[in-house]
Amino acid sequence: MPCKFALTGVPTEAGRARSSRYTELRTQMTQFKILSIRPRAPMAITFHAHVLDISEEDSVTRVILSVDDTLEAERYLMTQRKHAFSEEDVRFGMNDVYIETCGQGWSWYGHIDAFDLFDNRVRVQLDAEAAHRIGDDGVIEVSFDLTGDERAALRAALRTTFAGQKCYADWVV
């Protein structure tokens, strides 16, 4: 797996003196304006949602938190779940919470280790398989500014969506 790098820092005299190889590499790096290389940890998906869309259609509860109302920016988190599942749903593994973020390419039934609701944000921890597919640690954090009525509607919709699921926690006070 390739390592991601970030450019930081300025070389010090003490650092240059540690070894001749180190000094040689530092000199080469400085010539190319690369001052230091440090591995960078994968980033979580984070954004501030300006749009909350809650719908109830055909016995499906859907919640969308998004930066825009058209989803064109592909910075959104959507959950949905049917109230009752058919035999076909069960057979194809579609009898769990559906979660989608930043486009349909990152969508699953299940694969949610934790879904935490706080006063002004949600934090999702996807399982290792989903995190690997995204290429990061599987964390999705969405902040928002909601009115009291919007927050109550979000809580109710998420409670319906995650009914009977151990991964859901409501930390709203």
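The values are calculated or read from the model by the stated rules, or taken from the named source; none is laboratory data. All figures in this text were calculated on a predicted structure; none of them were measured in a lab. Cβ atoms come from the backbone with ideal geometry, glycine included; neighbour counts cover every protein chain shown.
State all residues of the stretch 131-164 that are surrounded by 15 or more Cβ atoms within 10 Å (Cβ to Cβ) and closer than 25 Å to residue 84 by Cα; if no residue qualifies, say none.
153, 154, 157, 158, 161, 162
List the pairs whose first member sits in the stretch 59-74 and is more than 19 Å from residue 151 (Cβ to Cβ), whose second member is assigned to a strand (DSSP E or B) and among the basic types (Lys, Arg), and whose Cβ atoms are under 6 Å apart, counting only residues at least 6 apart or on separate chains?
59/82; 60/82
So which pairs qualify, if the first residue must be in the stretch 37-55 and of a type in the set (D, E, K, R), the second must be modelled with pLDDT of 65 or more, the Cβ gap must be under 8 Å, and the two must be at least 6 apart or on different chains?
Final answer for the pair search is 53/62; 53/63; 53/64; 53/66; 53/69.
Which one is nearest to residue 45 (Cα to Cα) among residues in the stretch 143-173 that are of a type in the set (A, V, I, L, M, F, W, C) and in contact with a Phe, Trp or Tyr (Cβ under 6 Å, 6 or more places away or on another chain)?
Per the criteria, the residue is 167.
What are the residues in the stretch 77-107 that are assigned to a strand (DSSP E or B), of a type outside the set (Gly, Ala, Ser), free of Cβ contacts under 8 Å to residues at least 40 places away in the same chain and touching an Asp or Glu at 6+ places or on another chain (Cβ under 8 Å), if any?
The answer is 78, 82.
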